[in-house]
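For reference, the structure discussed in these notes is given below.
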Amino acid sequence: MKKTYLAVILIQAIYAGMNLLSKAAFDGGMNNFIFVFYRQAAATACLVPVALLLEWKTAPPLPFRTFCKIFLLSLFGITLSLDIYGIALIYTSATLAAATTNCLPVITFFLALLLRMETLKLRTKPGMAKLLGIIVCISGVSCLAFYKGPSFNHFLHLQLFGVHHNSQHRDQYHSSGNSWIRGVFLMLLSNFFWGIFLVFQVQLMKSYPSKLLLTALQCFLSTVQSFAIAIALERNPSQWELGWNVRLLAVAYCGIVVTAVTYYLQSWVIEKKGPVFLAMSTPLALIITIFCSAIFLGQAITLGSILGGAFLILGLYSVLWGKSIEQKTNSVVENCQQADKKEGSELKEIVLQ
C-alpha cells in the first residue's frame with residue numbers, strides 16, 4: 001500500500017522537475033524545437049535496446065497501414081504536442097504547465113465522447129458530475145488566461161540553475177501584451193494533441209500489442225519528425241550545442257528519466273491500483289511545481305494561478321468521480337447479467353434432464 005503512494009509521489013515529482021528544467025533551459029536561450037529533438041533522441045536511445053531485447057522475438061508483424069497510423073499518431077500526439085508545449089512554456093510558466101495538465105483527463109474524456117467511445121447520461125449522478133467537471137475546468141482555464149491578480153511575495157530566491165533570461169530569445173515570443181493568453185491556449189492545444197494520442201493509442205495497441213516496441217517506435221519516429229522541424233526552423237550551429245549546463249541536464253532528464261522511469265512506474269501503479277488512482281495524483285505535480293518554481297526559478301505566485309489551478313483540480317476530480325461511479329455501476333450490471341445467464345443455463349439443464 002505504502003509503495004504505491006510513494007510511487008505516485010515520485011511520478012508527479014518527476015513531472016514537476018520536467019516542467020522546471022524545461023523552463024530553465026528555455027529561459028537560458030535554448031531553442032524549444034531543438035530541445036524536443038534532443039529529448040526524443042535520448043528517449044529513443046534509452047528505449048530501443050530494451051525493447052529489442054525483451055520483445056523483438058515475440059513481436060507481431062507490422063503492416064504498412066498500422067505503420068502509417070503509428071507515424072501520424074507520433075506526429076500529432078508526441079512531436080507537435082511537445083513542440084507546442086515548448087512554445088507555450090516560453091510564453092508562460094512552469095506553474096501553468098503543471099496546472100493545465102489537470103485538464104488532460106477531461107480533454108481525453110471529451111474527445112472520447114465525440115468519438116462515441118464514452119457516454120454522458122445527464123439524468124444520472126455520474127453524468128452530471130462529468131458535465132460539471134468539464135464546466136469547472138473551462139472556468140479554471142479562463143481564470144488562468146484572463147486573471148493574474150496580486151502576487152504573493154516569496155523570500156527565498158536560490159536561482160539553483162543560474163539562469164539569466166536571454167533577451168533575444170524572450171523578445172522573439174513576447175512581442176505583444178497578449179503573450180500570456182496566447183501561451184495558455186497553446187498549452188491547451190498541446191494537451192489536446194496529447195489527448196488525441198491517448199484516445200487512439202488504445203485502438204492502436206489492439207492491432208500492435210507489443211507495448212515496449214510500440215513506444216520505442218513512436219519515440220524513434222518522433223525523433224525523425226522533430227529533427228526535420230528543428231533543422232527547418234533553426235540553422236544556427238550554436239543553438240545545437242549543449243555543453244555542461246542546464247541544457248544538457250534538461251535534455252537528459254526529460255529524455256531518460258521522464259520517459260524510462262515514469263513509463264515503468266505508471267504501468268506498475270496502474271496494474272496495482274488502476275488508472276483512476278494515478279490520475280487523481282496529478283495535482284501533486286502542480287503543488288510541487290508552484291513551490292519549486294518560486295524558490296528555484298524566482299517566479300511569482302499569483303492569485304490567478306492558484307484559483308485557476310484549484311478549479312482545474314476540482315473539475316478533474318468531478319470527472320474522475322463520475323467515471324468511477326459509472327464503472328462500478330456497469331460492473332454490478334454485468335455481474336447481475338452473468339449471474340442471470342448462469343441461472344438460466346442451469347435451469348435449462350435441469351429441464352432437459
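All of the numbers you see were taken from the coordinates with simple rules; none came from a lab. Since this is a predicted model, take the numbers as computed values, not measurements. Here the Cβ is made from the backbone with ideal geometry for all residues, glycine too, and neighbour counts use every protein chain on show.
Using square roots of five times the C-alpha gyration tensor eigenvalues, list the equivalent-ellipsoid semi-axes of segment 175-282 in whole Å, biggest first.
For segment 175-282, the ellipsoid semi-axes come out as 29, 20, 17 Å.
Can you compute the equivalent ellipsoid semi-axes for segment 181-221, i.e. the square root of 5 times each eigenvalue of the Cα gyration tensor, sorted largest first and rounded to whole Å?
Over the Cα atoms of segment 181-221, the ellipsoid semi-axes are 27, 12, 5 Å.
How large are Rg and Dmax for segment 71-137 when calculated on the C-alpha trace, in angstrom?
Radius of gyration, then largest Cα-Cα span, for segment 71-137: 14.9, 43 Å.
Give the cross-link partners of K273 among the lysines, using a straight C-alpha distance below 26 Å as the criterion and excluding same-chain residues fewer than 8 apart.
K2, K3, K125, K130, K206, K211, K323, K328
Compute the angle between helix 125-146 and the longest alpha-carbon principal axis of the chain, please, reported from 0 to 90 degrees and rounded to the nearest 10.
Taking Cα atoms only, the helix is inclined about 10 degrees.
Run lengths n ≥ 4 of DSSP H only: what is the helix-derived mean residue ellipticity at 222 nm for the chain, with -39500 (n - 2.57) per run over all residues, to the nearest 500?
-25000 deg cm²/dmol
Summing Lys, Arg as +1 and Asp, Glu as -1, what charge do residues with Cβ under 13 Å from the Cβ of E118 carry, E118 excluded?
Net charge in that neighbourhood comes out at +3.
For F71 and Q266, what does the FRET efficiency come to when R0 = 25 Å and r is the distance between their Cβ atoms, rounded to the nearest 0.05?
Once rounded, the FRET efficiency stands at 0.55.
For a Förster distance of 22 Å, can you work out the FRET efficiency between the beta-carbons of I231 and L53, rounded to the nearest 0.05?
The value I calculate is 0.10.
What residues from segment 41-79 fall in the zone where the backbone N is under 16 Å from a label point 7 Å along the Cα-to-C-beta line of S207?
Output list for this probe position: 60-77.
Is segment 189-246 best put as rounded, prolate or oblate by its Cα gyration tensor, with a ≥ b ≥ c the root eigenvalues, rounded for a/c under 1.5, and otherwise prolate when a/b is larger than b/c, oblate when not?
Prolate, because a/c is 1.5 or more and a/b exceeds b/c.
Any number yet on Rg/Rh for segment 1-157, C-alpha, Kirkwood?
Ratio value, two decimals: 1.02.
Measuring from label point to label point, each 7 Å out along Cα→Cβ, what is the K2 to F277 span in nm?
Placing both labels 7 Å beyond Cα along the Cβ direction yields 1.6 nm.
Send over the semi-axes of segment 234-312's equivalent ellipsoid, whole angstrom and largest first, taken as the square roots of 5 times the C-alpha gyration tensor eigenvalues.
29, 23, 10
Looking at segment 28-97, which chymotrypsin sites (Phe, Trp or Tyr not before Pro) are in a loop (DSSP not H, G, I, E or B) and have at most 16 other Cβ atoms within 10 Å?
Answer by residue number: W56.
Of the options T329, L307, F33, report the single residue whose Cα projects farthest towards the positive end of the charge dipole of the chain (beta-carbon charges: Lys, Arg +1; Asp, Glu -1).
Highest projection toward the positive end goes to T329.
Can you give the angle from 0 to 90° between the axis of helix 2-27 and the longest principal axis of the chain, with both taken from C-alpha atoms, to the nearest 10?
The angle comes out at about 30 degrees.
Please give the FRET efficiency for I9 paired with S142, using the beta carbon to beta carbon distance and R0 = 22 Å, rounded to the nearest 0.05.
0.15
What is the spread of the Cα atoms of the chain along each of their three principal axes, largest first, in whole Å?
In descending order, the Cα extents are 87, 51, 38 Å.
Quick check: the angle from helix 32-55's long axis to the longest principal axis of the chain, C-alpha only, nearest 10 degrees?
In the chain, helix 32-55 runs at an angle near 40 degrees to the longest axis.
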